[in-house]
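Student: Before we start, here is the structure in question, set down as structure tokens.
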Amino acid sequence: MKELLLIPGPTPVNEEVLKEISKQPISHVSKDFAFYIEKSIEYLKEIFGTKKGSILIIPGSGTIAMEMAIKNLLNKNEKALVLSFGFFGDRFLEILEEDGFMFDFIKSEWGEVIDLNLITEKLKKEHFSVITITHVDTSTGILAPVEDYLKVIKEFSPDSLIILDGVCATGGVKEKMDEWGIDVILTGSQKALSVPPGLAILSVSEKAMEKRKHLGKIGFYYGDFLRWKETMDDPIKYFATHNTNYTFGLKKSLEIILSEGLENRFRRHYENANFIREKMDKIGFKVFGNKNYLSPTLSLFVYPEGVDDEEFRKKLHEKGITVASGIKNLKGKVFRMGHMGEVKKDELEYAYEKIIQVINR
Ligand code: PMP
């Protein structure tokens, strides 16, 4: 039986990447290992759309990258603004609260994006040192119109530092850090970069690094941008042990991504998303969320009357296809299907056939 992991991360991993990961580790402070870091940095710069950004590859998951971004950029007497349209946008609020920072937020309904006028109003009234944006909120399947947000932000608050959470986007949709004027893009290895979970990856602008330097001690030894930057600039210098084998895998996966070509890859994501959505629509599974802002990396399908969530996912899993449940208020109402990274159109077709079998029983 063919098994397919179609959750919105972790995503399927190419055999060549798995082969790299399963090699014997090598010294994390050797020239041989430095080569893997240096190449990965070179490739990631292309994916993030940055020339001067500092790339940090950290053993950890996406959440540590979120917390690092906040703690390295914000002073306790400054305020952050969170633009949230789902569960992962709200995570920034939890981090800010937990770590004792001042913040405000604008939230949209789930399935929608934030009204630009609300951002304008907020920025006219108050200054925010840091603004967070979630590129794709994995709880809603919505892709934020980042370029539109940024036009407003750059007009009314040009010196705010911008953090973009790319966990469910990077490598699957366009991101142009330098051109758009983003200060930190962060992601995890397990989604559209097609590496197993385990690496948190950040790209940090020069302006953001300068800010970090001015903050002095930040109370986050492991997550300090400056400590990581030193070992990324010269991987032979030890700070904390690199995840050697996942870095082997990362380098390989980035080569696969770039050999496909970023434009081709982004187009494939759109085409595959449309392909499966059209099919599912025909059998009564409508896609959740505002149609103008659907992310190509995952879909939330609304159950038609009479289909039980737990039973549907269990039966589908028995046929080798794993999808994810809805989160919070959407639990029981939708299921989430990841179609990013390595997922191929014929695999989506295969999954669709299994879905038909499950609902026709
Ligand atoms: N942000 C987004 C948009 C996510 O989808 C996730 C994970 N699903 C996270 C942050 C947190 O990442 P992790 O689970 O790797 O800590």
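The values are calculated or read from the model by the stated rules, or taken from the named source; none is laboratory data. If you're wondering where the values come from, they're calculated on a predicted model, not measured in any experiment. Neighbour counts run over all protein chains shown; Cβ positions are idealised from the backbone, glycine included. Ligands, DNA and RNA are stripped out before the accessible areas are found, and what is left, the full protein with its side chains, is counted by its heavy atoms. Shrake-Rupley method; radii C 1.70, N 1.55, O 1.52, S 1.80 Å.
Student: In region 149-163, what residues are away from the ligand (no atom under 16 Å from the Cβ) and β-branched (Val, Ile, Thr)?
Tutor: Listed by number, the residues that qualify are Val152, Ile153.
Student: Restricting attention to region 123-144, report how many residues are more than 16 Å from the ligand (Cβ to nearest atom) and either among the basic types (Lys, Arg) or open to solvent by 20 Å² or more (accessible area, probe 1.4 Å) (or both).
Tutor: Going through region 123-144 one residue at a time, the tally reaches 4.
Student: Tell me, yes or no, whether region 206-215 has at least one residue that is over 19 Å from Arg91 (Cα atoms), at pLDDT 95 or above, within 16 Å of the ligand (Cβ to nearest atom) and in contact with a strand residue (DSSP E or B) (Cβ under 8 Å, 6 or more places away or on another chain).
Tutor: no
Student: So how many residues does region 216-252 have that are part of a helix (DSSP H, G or I) and buried (at least 19 other Cβ atoms within 10 Å of the Cβ)?
Tutor: Summing the residues that are part of a helix (DSSP H, G or I) and buried (at least 19 other Cβ atoms within 10 Å of the Cβ) in region 216-252 gives 12.
Student: Among the residues of region 164-178, write down those that are more than 13 Å from Glu147 (Cβ to Cβ), away from the ligand (no atom under 11 Å from the Cβ) and not charged (D, E, K, R).
Tutor: Of everything in region 164-178, those that are more than 13 Å from Glu147 (Cβ to Cβ), away from the ligand (no atom under 11 Å from the Cβ) and not charged (D, E, K, R) turn out to be Gly171, Gly172.
Student: Just give me the residues in region 52-86 being within 15 Å of the ligand (Cβ to nearest atom) and in contact with a Lys or Arg (Cβ under 6 Å, 6 or more places away or on another chain), in sequence order.
Tutor: Once the filter is applied, which keeps residues that are within 15 Å of the ligand (Cβ to nearest atom) and in contact with a Lys or Arg (Cβ under 6 Å, 6 or more places away or on another chain), region 52-86 yields only Ser84.
Student: Condition (residue is within 12 Å of the ligand (Cβ to nearest atom) and open to solvent by less than 20 Å² (accessible area, probe 1.4 Å)) applied to region 100-122: is it met by at least one residue?
Tutor: No: zero hits.
Student: Please go through (1) charged (D, E, K, R); (2) closer than 20 Å to Ala208 by Cβ; (3) buried (at least 23 other Cβ atoms within 10 Å of the Cβ) for Asp159 and return the number of the only condition it doesn't satisfy.
Tutor: Answer for Asp159: the failing condition is (3).
Student: Okay, next question. Being out of contact with any helix residue (DSSP H, G or I) (no Cβ under 7 Å at 6 or more places or on another chain) and under 22 Å from Thr140 (Cβ atoms) is the filter here, so list the residues in region 344-361 that pass it.
Tutor: Ala351
Student: Considering only residues that are open to solvent by 90 Å² or more (accessible area, probe 1.4 Å) and within 16 Å of the ligand (Cβ to nearest atom), which ones fall in region 1-23?
Tutor: none
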